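Asker: Provided herewith is a single structure, encoded as structure tokens, for subsequent inquiry.
The values are calculated or read from the model by the stated rules, or taken from the named source; none is laboratory data. Just so it is clear, the model here is predicted, and its values are computed rather than measured. Here the Cβ positions follow ideal geometry from the backbone for every residue, glycine too, while neighbour counts run over all protein chains shown.
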Amino acid sequence: MAELADAMDSKSIVRKGVWVQVPLRALAFDEDEMKQSMVERKLKENSDELKRAREEFRISVEQLEHFEAESEEARLRSMVSETPLATQEYREAARHTEKMRNHHGELQARIEALEVRQDALLDEMMNS
């Protein structure tokens with residue numbers, strides 16, 4: 001019985017590793033497949049970011065229209081009332097409108113850059 005306790009069980013036997021040489025053709029296929037997979041992943045990420053940017057752009061259009069209307073209303077009040085407070089309100093509304101225009105332009109540039117990147121990724125996918 002003591003001999004059985006000291007003996008190695010069949011599950012703990014260590015075997016020597018076997019080296020296998022993979023043909024270069026198989027490695028090249030895996031590399032091409034991996035490159036294709038990476039391009040597809042980048043394309044998916046770019047597409048998701050483009051969707052978010054377009055939605056943010058759509059919202060910014062509505063916000064810009066609101067700020068422009070508010071600024072125009074403040075400008076008219078300023079002209080009619082000719083008070084320092086009305087003039088200050090107009091300047092503030094105009095400043096908010098300008099910041100929104102800048103943000104709107106930045107979003108537009110971001111969308112254009114994402115579309116260019118998407119085109120490049122699609123070209124890369126078609127060429128591989």
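Asker: Only one residue in E70, E124 is within 30 Å of E33 (Cβ to Cβ), of a type outside the set (S, T, N, Q) and in contact with a helix residue (DSSP H, G or I) (Cβ under 6 Å, 6 or more places away or on another chain). Which one?
Answerer: Step by step, each of E70, E124 is checked, and only E124 is within 30 Å of E33 (Cβ to Cβ), of a type outside the set (S, T, N, Q) and in contact with a helix residue (DSSP H, G or I) (Cβ under 6 Å, 6 or more places away or on another chain).
Asker: A86 - would you say it is assigned to a helix (DSSP H, G or I), at pLDDT 95 or above, surrounded by 13 or more Cβ atoms within 10 Å (Cβ to Cβ) and more than 22 Å from the chain's Cα centre (by Cα)?
Answerer: For A86, the condition - assigned to a helix (DSSP H, G or I), at pLDDT 95 or above, surrounded by 13 or more Cβ atoms within 10 Å (Cβ to Cβ) and more than 22 Å from the chain's Cα centre (by Cα) - is not met.
Asker: Applying the selection to the stretch 48-83, what residues are over 21 Å from N102 (Cα atoms) and either at pLDDT 95 or above or not in a helix (DSSP H, G or I) (or both)?
Answerer: D48, E82, T83 - these are the residues of the stretch 48-83 that are over 21 Å from N102 (Cα atoms) and either at pLDDT 95 or above or not in a helix (DSSP H, G or I) (or both).
Asker: I'm checking my understanding of the structure. Among residues of the stretch 114-128 that are closer than 12 Å to L50 by Cα and aliphatic (A, V, I, L, M), which one is farthest from the chain's Cα centre (by Cα)?
Answerer: Here the residue is V116.
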